[in-house]
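Inspection log for the structure reproduced underneath, given as structure tokens.
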Amino acid sequence: MTNNRKYDIHEIEVKEFLIKSCVLQAKILFIKNRLKDLKVLKEIINMIKKAEFVQKIKDTEYCAEMSKKDIEAVLKGVNDAITEIVAAEESVKLEGIGTFSGITRPAREARNPASGKMIQVPEKHGYPHFKFSSTMKKCD
């Protein structure tokens, strides 16, 4: 059985237009994703490295006499202490920086992006939360 249907010139133009628009949409999506990747890469490049951070601390008048190894040990201790405090759902305020605290996120209903089904998300204890101090908010 052969298809003897004759295509109207406008129908062919519409099909070609749809194909071209799909290709264009795919290219736009690809470019948008690449731009997101570039933004993330730019953020990573602009982040200060740990060694540079330690050096900045050492350059202050308060820590000029300390060794880099001692400064790294203090930073590790501060990190561990803040992690324990947040996990225990308590808070610690660092003057001029902000407040670290642990909160409980209530149970909620969410959509699974892969299947589209609604799922129950259980409450989460010790969820980290940080609030900048007013001094830090004024930094530009």
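Surrounded by 10 or more Cβ atoms within 10 Å (Cβ to Cβ), assigned to a helix (DSSP H, G or I), modelled with pLDDT under 90 and within 30 Å of the chain's Cα centre (by Cα): does that describe ILE45?
Details: surrounded by 10 or more Cβ atoms within 10 Å (Cβ to Cβ): no; assigned to a helix (DSSP H, G or I): yes; modelled with pLDDT under 90: yes; within 30 Å of the chain's Cα centre (by Cα): yes.
When the stated conditions are applied, ILE45 does not pass them.
State all residues of segment 61-98 that are surrounded by 10 or more Cβ atoms within 10 Å (Cβ to Cβ) and assigned to a loop (DSSP other than H, G, I, E, B); if no residue qualifies, say none.
If the condition is that a residue be surrounded by 10 or more Cβ atoms within 10 Å (Cβ to Cβ) and assigned to a loop (DSSP other than H, G, I, E, B), then CYS63, MET66, SER67, ALA88, GLU89, GLU90, ILE97 are the ones that fit.
Could you list, in sequence order, the residues of segment 104-137 that are part of a strand (DSSP E or B) and closer than 23 Å to VAL92 by Cα? Don't jump to the end; show me each part of the working.
From segment 104-137, those part of a strand (DSSP E or B) are 104-105, 108-111, 118-121, 124-132; that's our starting set.
THR104, ARG105, LYS124, HIS125, GLY126, TYR127, PRO128, HIS129, PHE130, LYS131, PHE132, listed by residue number.
Tell me which residues, restricted to segment 123-140, are of a type outside the set (Lys, Arg) and under 22 Å from the mean Cα position of the chain (by Cα). Steps first, answer last, please.
Of segment 123-140, the ones of a type outside the set (Lys, Arg) are 123, 125-130, 132-136, 139-140.
GLU123, HIS125, GLY126, TYR127, PRO128, HIS129, PHE130, PHE132, SER133, MET136, CYS139, ASP140, listed by residue number.
I'm trying to understand the selection: among the residues of segment 119-140, which are in contact (Cβ under 8 Å) with a residue 24 or more places away in the chain and either closer than 22 Å to GLY102 by Cβ or among the aliphatic types (A, V, I, L, M) (or both)? Give the derivation first.
Step one: filter segment 119-140 for residues in contact (Cβ under 8 Å) with a residue 24 or more places away in the chain, giving 125-133, 135-136.
Passing the criteria: HIS125, GLY126, TYR127, PRO128, HIS129, PHE130, LYS131, PHE132, SER133, MET136.
The values are calculated or read from the model by the stated rules, or taken from the named source; none is laboratory data. Bear in mind that the values here come from a model prediction, so they are computed numbers and not experimental data. FYI the Cβ positions are ideal-geometry reconstructions off the backbone, even for glycines, and counts take in every protein chain you see.
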